[in-house]
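I have placed the structure first, in the form of structure tokens, so that the comments after it can refer back to it.
Just so it is clear, none of the values below were taken in a lab; they were calculated from the coordinates. What you see is a predicted model; the values in this text were computed from it and never measured. Cβ coordinates were reconstructed from backbone atoms using ideal geometry, including for glycine residues, and neighbour counts include every protein chain displayed.
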Amino acid sequence: MSKVDLHTHTTASDGLHRPKENVRMAAEAGLSAVAITDHDTVAGIAEAAAAAPIYGIEVVPGVEISTSLAGKEIHVLGYYIDIRDGLLLERLISQRKVRDSRNEGIVARLNELGIPLTTEQVAEAAGRKPGAIETIGRPHIAEALVRIGAVDSVQEAFDRYLAKGRAAYVDPPPRITPFEAFAWIREAGGAAIVAHPGLYGNDELAAELLDGGADGLEAYHSDHEAEQAERYRGLAENRGKIVTGGSDFHGARKGKLYHGAIGSRSVDASVLERLRGARG
Ligand code: AMP
Ligand code: ZN
Ligand code: FE
Ligand code: FE
């Protein structure tokens, strides 16, 4: 009966709410657990875990690792990882270095286009400097572009400059493959799940990732249609893999939610046992 949202972002990456606020909102939405899955960092988890007893729900420690395969960006979710595992923390530092240099490339490209954005302005919009334990992402660059008046909205920043293929899009330096991310997560004692397969537009790829070592697939996601979710559920179940889901909550900007509200996508709490059972 009880439901869990296994995909939420906080201010530790590009979410707009603090970790403890995600926990409060999850409790208010009637969930029995919420996962904190920030991009390439576990910096938000301690605060969320401390809030868990206050709101009487479970916080699942998680992470969303950016990887690439054949030129496609693939996100891999890790659950129940040991957030004090030294090797995992080192590996996440290397992930953030890749981001920081990609971000520098984007700023340089914007400058070439005549937009005088500086890395300092991006750091100010993000509330952190490169090298911090929290991540800086494209949404922060978008926010900085709004602040200097180069665009009117974050969405316009993506549509004109930052989305893949747009004027200031820069491919990151070589990223790890999803298969390496599965190993990182399992070596840190976690379960590895392929995030939002619908965003890759390639079901054979989703099957290849499942057969290549993922523990499961995120079938339920704010950007998946009901029919896609059922297809991905089948793909995972047919292989005896775990079916997960979550909102990919990032918060709302000027009343507009990107992805979905906490609890808008969820799965049965019994999935948590399967995730714990699949751990490396
Ligand atoms: P990054 O990990 O720094 O490349 O930033 C990726 C994040 O940017 C995603 O998790 C979304 O929150 C956001 N994003 C990606 N594409 C778009 C888009 N087309 N419009 C708005 N936000 C986007
Ligand atoms: Zn994000
Ligand atoms: Fe993602
Ligand atoms: Fe996400």
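Numbers below:
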| quantity | calculated |
| --- | --- |
| Rounded to 5, the percent of DSSP beta bridges in segment 1-143 classed as antiparallel | 55 |
| Computed [θ] at 222 nm, deg cm²/dmol, the chain (DSSP H ≥ 4; -39,500 (n - 2.57); rounded to nearest 500) | -12000 deg cm²/dmol |
| Highest average packing first - 224-235, 143-154, Cβ atoms within 10 Å | 143-154, 224-235 |
| Cα-based reach from residue 20 at 28 Å (exclusive), listing lysines while leaving out same-chain residues under 8 positions away | 3, 97, 129, 254, 256 |
| Radius 11 Å from Cβ of residue 8, net charge of other residues (Lys, Arg +1; Asp, Glu -1) | -4 |
| Cβ charges +1 (Lys, Arg) and -1 (Asp, Glu), total dipole of the chain, debye | 380 |
| Dipole-positive endmost among 214, 257, 228 within segment 203-274 (Cβ charges, Cα centre) | 257 |
| Length gained when the stretch residue 129-residue 82 is fully extended (0.36 nm per residue, less Cα-Cα span) | 14.4 nm |
| Packing-based exposure ordering (other Cβ within 10 Å, fewest first) of 220, 258, 169 | 169, 258, 220 |
| DSSP beta bridge pairing in the chain, given as percent antiparallel to the nearest 5 | 50 |
| Residues 222, 270, 68 arranged by fewest to most Cβ contacts within 10 Å | 270, 68, 222 |
| Segment 195-236 versus segment 99-177: alpha-carbon centroid distance in Å | 29 |
| Point-to-point label distance, residue 94-residue 16, nm (Cα→Cβ direction, 7 Å offset) | 3.5 |
| Acute angle (nearest 10 degrees) that the helix 226-237 long axis makes with the longest principal axis of the chain, alpha-carbon atoms | 60 |
| Selection from 94, 127, 146 lying farthest towards where the dipole of segment 92-162 points positive, charges on Cβ | 94 |
| Residue of 67, 37, 118 that the Gaussian network model of the chain assigns the largest fluctuation, springs spanning Cα pairs under 10 Å | 118 |
